[in-house]
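*Asks:* Below is one structure. I have some questions about it.
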Amino acid sequence: MSKRVVLAYSGGLDTSVVIKWLQVEKGYEVVALSADVGQQEDMEAVRKRAVNTGAVAAEVVDARLEFARDFVAPAIKADALYENRYPLVSSLSRPLISKHLVEVAHRYGATAVAHGCTGKGNDQVRFELALQALDPELEVLAPVREWGFTREDAIEYGHAHGVEIVAKKENPYSIDQNLWGRAIECGEMEDPWAPPPSDIYSYTLPRSGMAESVVLGFEEGVPNSLDGRELDLDTLVGEVNLIAGSYGIGRIDMVENRRVGIKSREVYEAPAAAVLLEAHRQLEDITLERELAHAKTEIGLRWATLVYDGMWYSPLKQAYDAFIDAANRVVTGEVRVRFRPGGFTVDGRRSPHSLYDYELATYAANDAFRHLDAEGFIRIFGLGLKTWSSRQGGLAR
Ligand code: ARG
């Protein structure tokens, strides 16, 4: 029996050429694995393409609900935005795909797994760290990093070996998309001053006739209803993508710091992420005590960096998750979101665990706040400052 490798197969040019290359140059039988993480592609067509390209077997897993439940939900609970902007779209799918690669490798008795990432990106780091954590015995192959092909070389190699996708129209962009958003790189965007071409978008295309506002329900930090309808998270994210996307919400244009030391111009479309992360944060505003809220903001930023860096299956991530889960136990309630072209506003929030106290907050006459206590509070709070200032003779005297 010849040796087997399981390849993370996207159906694109590179991974299609990889199938042939692993057979021809490395003597492997290739099993293709494609995960449906909500990228809205015809997965049966992807599966057939793998077989037509020479895979001995091709598996498609419908991982939409798993992706939403086990990867997107923790990101919402963490308020996860890498460098305060990027909602981790690709960073979240790699550990999931890695898990399925390992599962299929075990099932097919494969000794190796392969991915189609280049040597300059984050995704190779994410795959390989996840794979090391899940099964350090598996060999990992990265043909695109190894073969040293230009794009033209890859096309030529594909042509020479009868890879069908090569015939398709050329697309200058590198795109990765899933339920949580879409990343678009390369082409004209490699100049950070150049505005993105207007034809690159697909999740954020203006369309009329969509809802003007929605009420999102959350249970322990996870969105679970839309206008009172209980929905599985993958469905809910999909519906919010459609509504918010129709207002052009969720476009992000940034230069980010890759883990491998490169600054990279990135354009993202993540309408549901923009809305759900903000709604979640607003629900935290009424349910989390101040010190916890502030600490959670810091942990959330670290969580995002850790996950961006590919450390999904790490002990630090597990420990952060325990903290984040504990904080989210009270993040149950509803948030109302109002849309307008290009933006949205949260204009209502409520929770059975709300710490908002009308009697304390109101400026009405008969409030519960003891006004005169404030005088002593400020005197003691400012004591150190006042002592210091008087030793200077008073800063403005
Ligand atoms: N820069 C983003 C990240 O590191 C997006 C990567 C997109 N991947 C791709 N193959 N185009 O998460």
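*Asks:* Using the alpha-carbon atoms, what tilt in degrees (0 to 90, nearest 10) does helix 151-160 show relative to the longest principal axis of the chain?
*Replies:* That helix lies at roughly 40 degrees to the long axis.
*Asks:* Taking amide hydrogens as modeled 1.01 Å from N in the peptide plane, which residues meet the under 5 Å criterion relative to SER34, leaving out close sequence neighbours?
*Replies:* When sequence neighbours closer than 5 places are left aside, the close amide H contacts are TYR9, GLU59, VAL60, VAL61.
*Asks:* Further question on the same structure: Could you order PHE369, PHE344 so the one with the most accessible surface comes first? Probe is 1.4 Å.
*Replies:* Of PHE369, PHE344, the descending order of accessible area is PHE369, PHE344.
*Asks:* Suppose every K and R has +1 on its Cβ and every D and E has -1 on its Cβ; what is the size of the dipole of the chain about the Cα centre, in Debye to the nearest 20? Before the final figure, lay out the partial values.
*Replies:* Values: 44 positive and 59 negative charges, 174 e Å.
Approximately 840 debye in magnitude.
*Asks:* Continuing with this model, one more query. By how many degrees, 0 to 90 and rounded to 10, does the Cα axis of helix 89-108 deviate from the longest principal axis of the chain?
*Replies:* 40 degrees
*Asks:* Same structure, new question: Below 8 Å, C-alpha to C-alpha, sequence gap of six or more: please give me the relative contact order for the chain in percent. Present the calculation step by step, with values, prior to reporting the outcome.
*Replies:* Working: 693 pairs, mean separation 68.6, N = 397.
Computed over the chain, the figure is 17 percent.
*Asks:* Still on this structure, please answer the following. Given the -39500 (n - 2.57) contribution per DSSP H run of 4+ residues, what per-residue ellipticity at 222 nm results for the chain, rounded to the nearest 500 deg cm²/dmol?
*Replies:* Values: 15 runs with 165 residues, N = 397.
-12500 deg cm²/dmol, from helical runs alone.
*Asks:* Expressed as a whole percentage, what fraction of the accessible surface of segment 186-227 belongs to carbon and sulfur atoms when a 1.4 Å probe is rolled over the protein heavy atoms?
*Replies:* 53 percent
*Asks:* Another question about this same structure. Just name one of ILE243, ILE200, VAL215: the one whose Cα is farthest towards the positive end of the charge dipole of segment 190-289 (beta-carbon charges, Lys/Arg +1, Asp/Glu -1).
*Replies:* Highest projection toward the positive end goes to ILE200.
*Asks:* Moving on to the next point. When all alpha-carbon pairs of segment 192-304 are counted, what percent fall beyond 21 Å? Don't skip to the end; give the middle numbers.
*Replies:* Numbers: 3206 of 6328 pairs.
I get 51 percent for the Cα pairs in segment 192-304 exceeding 21 Å.
*Asks:* Probe radius 1.4 Å, ligands and nucleic acids left out: which of TYR108, TYR308 has the largest accessible area, and how do the rest follow? Could the numbers behind the result be given before it?
*Replies:* Details: TYR108 50, TYR308 0 Å².
Of TYR108, TYR308, the descending order of accessible area is TYR108, TYR308.
*Asks:* Sticking with this one: Can you tell me the relative contact order of segment 297-370? Whole percent, Cα pairs under 8 Å, sequence separation 6 or more. Please report the intermediate quantities before stating the final value.
*Replies:* Numbers: 48 pairs, mean separation 12.9, N = 74.
It rounds to 17 percent for segment 297-370.
*Asks:* Could you calculate the FRET efficiency of THR345 with SER389 from 1/(1 + (r/R0)^6), where r is the beta carbon distance between them and R0 is 41 Å, rounded to 0.05? Present the calculation step by step, with values, prior to reporting the outcome.
*Replies:* Numbers: r = 41 Å, r/R0 = 1.01.
Given R0 = 41 Å and the Cβ-Cβ separation, E is 0.50.
*Asks:* Given Cβ point charges of +1 (Lys, Arg) and -1 (Asp, Glu) and nothing else, what value in debye, to the nearest 20, does the dipole of segment 12-51 about its Cα centre take?
*Replies:* Values: 5 positive and 7 negative charges, 34 e Å.
Dipole about the Cα centre, nearest 20: 160 debye.
*Asks:* Could you check how much of the accessible area of segment 266-361 is carbon and sulfur, as a whole percent, using a 1.4 Å probe?
*Replies:* Working: 2540 of 4590 Å².
On segment 266-361, the fraction of accessible area on carbon and sulfur atoms equals 55 percent.
*Asks:* Another one. If we count every other residue with Cβ under 11 angstrom of GLY348's Cβ, Lys/Arg +1 and Asp/Glu -1, where does the sum land? Numbers along the way, then the final one.
*Replies:* Working: positive: ARG336, ARG338, ARG349, ARG350; negative: GLU334, ASP347.
Summing Lys/Arg as +1 and Asp/Glu as -1 gives +2.
*Asks:* Still on this structure: Give me the accessible area per residue for the chain, probe 1.4 Å, as a whole number in Å². Provide the component values of the computation, followed by the final result.
*Replies:* On the way: 19920 Å² over 397 residues.
Value returned for the chain: 50 Å² of accessible area per residue.
*Asks:* Ordering ARG145, ARG4, ARG49 by accessible area with a probe of 1.4 Å, largest first, what comes out? Let's see the in-between values first.
*Replies:* Numbers: ARG145 105, ARG4 60, ARG49 35 Å².
Highest to lowest solvent-accessible surface, that is ARG145, ARG4, ARG49.
*Asks:* Suppose every K and R has +1 on its Cβ and every D and E has -1 on its Cβ; what is the size of the dipole of segment 1-75 about the Cα centre, in Debye to the nearest 20? Walk me through the numbers before you get to the answer.
*Replies:* Working: 9 positive and 11 negative charges, 61 e Å.
The dipole magnitude comes to about 300 debye.
*Asks:* Right, another one. Could you work out how far helix 290-308 tilts from the main Cα principal axis of the chain, as a 0 to 90 degree angle to the nearest 10?
*Replies:* On a 0 to 90 degree scale, this one is about 10.
*Asks:* Pairs LYS77/LYS317; LYS20/LYS99; LYS99/LYS317; LYS296/LYS317; LYS120/LYS263; LYS77/LYS296: which exceed 18 Å Cα-Cα? Present the calculation step by step, with values, prior to reporting the outcome.
*Replies:* Values: LYS77/LYS317 13 Å; LYS20/LYS99 24 Å; LYS99/LYS317 16 Å; LYS296/LYS317 14 Å; LYS120/LYS263 11 Å; LYS77/LYS296 10 Å.
With Cα atoms farther than 18 Å apart: LYS20/LYS99.
*Asks:* Please identify the chymotrypsin sites (Phe, Trp or Tyr not before Pro) of segment 159-223 that satisfy two criteria: DSSP loop assignment and at most 11 other Cβ atoms within 10 Å. Which are they? Intermediate values should be presented prior to the final figure.
*Replies:* On the way: sites: TYR173, TRP180, TRP193, TYR201, TYR203, PHE218; in loops: TYR173, TRP180, TRP193, TYR201, TYR203.
Here the sparse-neighbourhood loop sites are TRP193.
*Asks:* Given a 1.4 Å probe and every protein chain left where it sits, what share in percent of the accessible area of segment 7-85 is carbon and sulfur?
*Replies:* On the way: 1190 of 2850 Å².
The nonpolar share, carbon plus sulfur, comes to 42 percent.
The values are calculated or read from the model by the stated rules, or taken from the named source; none is laboratory data. Just so it is clear, the model here is predicted, and its values are computed rather than measured. Note that each Cβ is placed from the backbone with ideal geometry, even for glycine, and that neighbours are counted across all protein chains shown. In case anyone asks, the SASA skips ligands and DNA or RNA and just uses the protein heavy atoms, side chains included. Shrake-Rupley method; radii C 1.70, N 1.55, O 1.52, S 1.80 Å.
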